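Engineer: Pasting in a structure now, in structure tokens, and then I'll have a few things to ask.
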Amino acid sequence: MKRPWNIPDMPVYSLATYKNMLNMNICTYVTALSMKPKLYGVAVYHHTQTLENVQESEYAILQLLHPSQYALVNVLGKKSGKNYDKQAYLSKKDLLQLWNDYEILKNISACLLLKKISFQQTGDHVLYVWEVEKYVSFHSEVLTTSILSEKKIIRI
């Protein structure tokens, strides 16, 4: 039997952060918190390039991944931006496009421009609260944790 936190099928996101260069991670600890104003909570793992970037930046882009992007989890989620240039990899594979002057992934299901409001230490993650400033939806299909499990990328 699955553990309680693994029972729901969760959407898979990538948080794009921008310090000196683009970095993207994989995150599933993401939820809408409020309708007015539109707020999101995103938990960022300790000791990551994403956390360093978020600490020093006011903005980030939350990207809801499309099912066709399941293989990106091996690069964006299993390699550290501290010692792997994800921007170079994504550029070489022609997987990036511009949206509101930010580089984002092509073929995502949706993306949100987030402005950092606050944070809270929460065990092995830091929970950030963000206000949604802009958003766009491209596809209704989303990558989920069950798809990643079926593809043997994660174990649930």
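Engineer: Charges only on Cβ, +1 for Lys and Arg, -1 for Asp and Glu: so what's the dipole of the chain about the Cα centre, in debye to the nearest 20?
Structural biologist: For this selection, approximately 420 debye.
Engineer: So if each residue of separation counts as 0.36 nm, and I subtract the Cα-Cα distance between LYS151 and LYS36, what length gain in nm does that give?
Structural biologist: My answer for the length gained is 37.7 nm.
Engineer: What lysines does LYS151 reach when the alpha-carbon gap must be under 20 Å and sequence neighbours fewer than 8 apart in one chain are set aside?
Structural biologist: Correct list for LYS151: LYS2, LYS78, LYS79.
Engineer: If you don't mind, there's one more thing I want to ask. Exactly which trypsin sites (Lys or Arg not before Pro) in the stretch 1-83 are in a DSSP loop and have at most 13 other Cβ atoms within 10 Å?
Structural biologist: LYS2, LYS78, LYS82
Engineer: Under 13 Å between alpha carbons, and skipping anything fewer than 8 positions from LYS115 in its own chain: which aspartates and glutamates qualify?
Structural biologist: LYS115 reaches GLU56, GLU58, GLU131, GLU133.
Engineer: Here's another thing I want to ask about it. What Kirkwood hydrodynamic radius do you get for the chain when you take the inverse of the mean 1/r over all pairs of distinct Cα atoms, in Å?
Structural biologist: One over the average 1/r among Cα pairs gives 15.8 Å for the chain.
Engineer: Per-residue HN-Hα couplings for the stretch 44-50, Karplus 6.51 cos²θ - 1.76 cosθ + 1.60 at θ = phi - 60°, whole Hz, x for Gly and Pro?
Structural biologist: Once rounded to whole Hz, the list reads 10, 5, 5, 6, 10, 5, 4.
Engineer: Also: For labels at ASN20 and TYR84 in the simple 7 Å Cα→Cβ model, what's the distance in nm?
Structural biologist: 2.0
Engineer: Right, next: What distance in nm separates the simple spin-label points at LYS93 and LYS106, each placed 7 Å from Cα in the Cβ direction?
Structural biologist: 1.2
Engineer: What's the longest bit of the chain with no exposed GluC sites (Glu not before Pro), using DSSP loop states and at most 16 other Cβ atoms within 10 Å as the test?
Structural biologist: The longest uninterrupted stretch comes out as 59-140.
Engineer: Once amide H atoms are placed 1.01 Å from N in the peptide plane, what residues at a sequence separation of 5 or more from ILE117, or on another chain, have their amide H within under 5 Å of its amide H?
Structural biologist: For ILE117, whose amide H was placed from the backbone, the distant partners under 5 Å are VAL129, TRP130, GLU131.
Engineer: Calculate for the chain the 222 nm mean residue ellipticity that helices alone would give, adding -39,500 (n - 2.57) per DSSP H run of length 4 or more and normalising by residue count, nearest 500 deg cm²/dmol.
Structural biologist: Calculated at 222 nm, the ellipticity per residue is -3500 deg cm²/dmol.
Each reported figure results from applying straightforward, stated rules to the coordinates on display, with no laboratory input. Just so it is clear, the structure is predicted and the values come from calculations on it, not from any experiment. Note that we place each Cβ from the backbone using ideal geometry, even for glycine, and neighbour counts take in every protein chain shown.
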